[in-house]
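This report concerns only the one structure given below.
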Amino acid sequence: MSNSHPPKRIAIFGSTGSIGTQALDVIGANPESFSVEVLTAQSNEELLIKQAIHFKPNIVVIGDEKKYPKVKEELSSHNIKVFTGESALEEVASMDVYDMMIAAIVGFAGLKPTLKAIEAGKGIALANKETLVVAGDIVMQKAVEHRAPIIPVDSEHSAIFQCLVGETRNRIEKVILTASGGPFLGRKPNFLVNVKRDHALQHPNWTMGAKITIDSATLMNKGLEMIEAKWLFNLQPEQVQVLIHKESIIHSMVQFEDGSIKAQMGLPDMKLPIQYALAFPHRIPSNLKRYDFRKPAQLNFEEPDTKTFRNLTLATDAMYKGGNVPCILNAANEIAVYAFLRNRVGFLDMTDVIEKTMGHVSFIKNPTLEEYFESDGEARNFAASLIKL
Ligand code: NAD
Ligand code: MG
């Protein structure tokens, strides 16, 4: 970015997570381009305090109100405002202290603050895919209304976004979302039935938060990403295809009407899509490791096994049905994943919980935001009743 510009003022919602900490690495390496104005975390107050002392934001928010006194105390001599609680996230998201939000909270909890940022016309570097899965129509509509650009951080969607630069007038035939396949690629139900949390938390190519790591192992992550792609790029469900590519070198592809296919490639490292979203429309230098085509390597591609990884089928159904079905899928999945992480349900049971919940909550074709919240609540309650949490 040209040095004549003042640094872009960044708010990281979810700064203590996998995306949040990597975003701070990117910003720390580019202090002339970006400044940190807001940091938020749910419960890791130790890390939040460290980050705040290092990056000197204007404001921090600690979600867990029990941790507020400590954060306030430790930052009192640093001239940093400290807020707490769920509503503080929304208030801060609306404030005129930053230009771009990195939406890096995990799950449904990210929706409300992101909507506030959109309504305030902020740029959104969107990692929180659940926001679009739950209420993609409302989110995208509001983004247009308030001229709030949404730049994807999810590596697949960043790849598609990068392939589409300069193609505004050209119709997309389809997008091909690549998937690593996760740690259980090639496994069958007789193996998966015995999988425990610690095994499922080992991802071959990426180090991520616990929820998305489980979603990657069940392929729900790719299901959520199909719905995310549909909204981000205004696609019909039949234009979204999933392809297993276990090396994670091609991050996704776009096929155009003339048959040409563009791919975006590189070694898997989330810092690249994070940096791209922050600096867009510019590219700025990085010293991330480069992929070297001269080293012997093979790129492999195969169809996903949707008979075994039925979450992908459920998410595809939800994408086709539309309305509140993706919201129900997401809510049931969040409950199922957190139960699995606490060893309350088995690996394959997660899919049953989601399927039953999708069959239970009534269909709404064009939900209002309030109806999305109601569907989310209803789905959570029902899913939890199946698990007996
Ligand atoms: P994480 O669990 O590592 O971090 C989540 C962050 O959100 C933390 O800072 C936490 O304090 C905060 N948080 C959690 N619950 C909250 C709540 N109820 N209210 C407010 N804040 C809360 O998660 P992550 O892996 O960084 O993922 C964040 C988002 O980015 C997810 O939506 C995920 O799907 C998406 N994403 C992550 C990756 C990755 O590589 N980690 C890649 C693509 C997309
Ligand atoms: Mg992804």
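For Gly110, the conditions (1) away from ligand 2 (no atom under 16 Å from the Cβ); (2) touching a helix residue (DSSP H, G or I) at 6+ places or on another chain (Cβ under 8 Å); (3) under 26 Å from Ala331 (Cα atoms); (4) at pLDDT 95 or above all hold with the exception of (1).
For the stretch 230-248, does any single residue satisfy the condition of being touching a Cys at 6+ places or on another chain (Cβ under 8 Å) and either open to solvent by 10 Å² or more (accessible area, probe 1.4 Å) or part of a strand (DSSP E or B) (or both)?
The initial filter retains those residues of the stretch 230-248 that are touching a Cys at 6+ places or on another chain (Cβ under 8 Å), namely none.
No, the stretch 230-248 contains no residue that is touching a Cys at 6+ places or on another chain (Cβ under 8 Å) and either open to solvent by 10 Å² or more (accessible area, probe 1.4 Å) or part of a strand (DSSP E or B) (or both).
For the stretch 157-164, the condition holds for at least one residue, the condition being that it is in a helix (DSSP H, G or I), open to solvent by 10 Å² or more (accessible area, probe 1.4 Å) and aliphatic (A, V, I, L, M).
For the stretch 368-380: of the residues being of a type outside the set (Phe, Trp, Tyr) and within 14 Å of Phe108 (Cβ to Cβ), which is most open to solvent (accessible area, probe 1.4 Å)? I'd like the intermediate steps shown before the answer.
Pass one, the stretch 368-380, residues of a type outside the set (Phe, Trp, Tyr): 368-371, 374-380.
Of the ones still in play, those that are also within 14 Å of Phe108 (Cβ to Cβ) are 369, 374-380.
Working: Leu369: 40, Glu374: 114, Ser375: 4, Asp376: 9, Gly377: 26, Glu378: 83, Ala379: 0, Arg380: 55 Å².
Checked the stretch 368-380; the qualifying residue most open to solvent (accessible area, probe 1.4 Å) is Glu374.
Lys72 meets the conditions (1) within 20 Å of Ile150 (Cα to Cα); (2) touching a strand residue (DSSP E or B) at 6+ places or on another chain (Cβ under 8 Å); (3) open to solvent by 60 Å² or more (accessible area, probe 1.4 Å) in every case but one. The failed one is (1).
For the stretch 117-126, how many residues meet the condition of being in a helix (DSSP H, G or I) and surrounded by fewer than 18 Cβ atoms within 10 Å (Cβ to Cβ)? First the steps, then the outcome.
Here is the first cut: in the stretch 117-126, the ones in a helix (DSSP H, G or I) are 117-119.
Those still in the list that are surrounded by fewer than 18 Cβ atoms within 10 Å (Cβ to Cβ) too: 119.
Total meeting the criteria: 1.
Could you look through the stretch 224-237, keep only residues that are of a type outside the set (A, V, I, L, M, F, W, C) and touching a Pro at 6+ places or on another chain (Cβ under 9 Å), and pick out the one that is farthest from ligand 2 (Cβ to nearest atom)?
Within the stretch 224-237, the subset of a type outside the set (A, V, I, L, M, F, W, C) is 225, 228, 230, 234, 236-237.
Still in the running and touching a Pro at 6+ places or on another chain (Cβ under 9 Å): 228, 230.
Details: Glu228: 9, Lys230: 15 Å.
It comes out as Lys230.
Residues to consider are Ala277, Ala263, Ala210; find the one that is of a type outside the set (Ser, Thr, Tyr) and open to solvent by less than 20 Å² (accessible area, probe 1.4 Å). Spell out how you get there, then give the answer.
Working: Ala263 fails: open to solvent by less than 20 Å² (accessible area, probe 1.4 Å); Ala210 fails: open to solvent by less than 20 Å² (accessible area, probe 1.4 Å).
It is Ala277.
Scanning the stretch 160-201 for residues being acidic (Asp, Glu) and modelled with pLDDT of 95 or more gives a total of 2. Within the stretch 6-40, being touching a strand residue (DSSP E or B) at 6+ places or on another chain (Cβ under 6 Å) and within 12 Å of ligand 1 (Cβ to nearest atom) holds for Ile12, Phe13, Ser15, Thr16, Gly20, Ala23, Leu39, Thr40.
Given the criteria farther than 18 Å from Ser43 by Cα, away from ligand 2 (no atom under 16 Å from the Cβ) and surrounded by fewer than 24 Cβ atoms within 10 Å (Cβ to Cβ), does Ala88 qualify? Criteria not met by Ala88.
Okay, residues lined up against (1) more than 19 Å from Thr21 (Cβ to Cβ); (2) outside any helix (DSSP H, G or I):
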| position | (1), (2) |
| --- | --- |
| Val60 | no, yes |
| Pro69 | yes, no |
| Val92 | yes, no |
| Met95 | yes, yes |
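Pairs linking a residue in the stretch 298-322 that is over 12 Å from Ile227 (Cβ atoms) to a residue that is of a type in the set (Asp, Glu) and modelled with pLDDT of 95 or more, with Cβ atoms under 6 Å and 6 or more positions apart or on different chains, are Leu299/Glu247.
The values are calculated or read from the model by the stated rules, or taken from the named source; none is laboratory data. Source: prediction; values computed, not measured. Counting neighbours? That spans all protein chains shown, and the Cβs are built from the backbone with ideal geometry, glycine included. Surface accessibility is based on the protein's heavy atoms, side chains included, excluding ligands, DNA and RNA. Shrake-Rupley method; radii C 1.70, N 1.55, O 1.52, S 1.80 Å.
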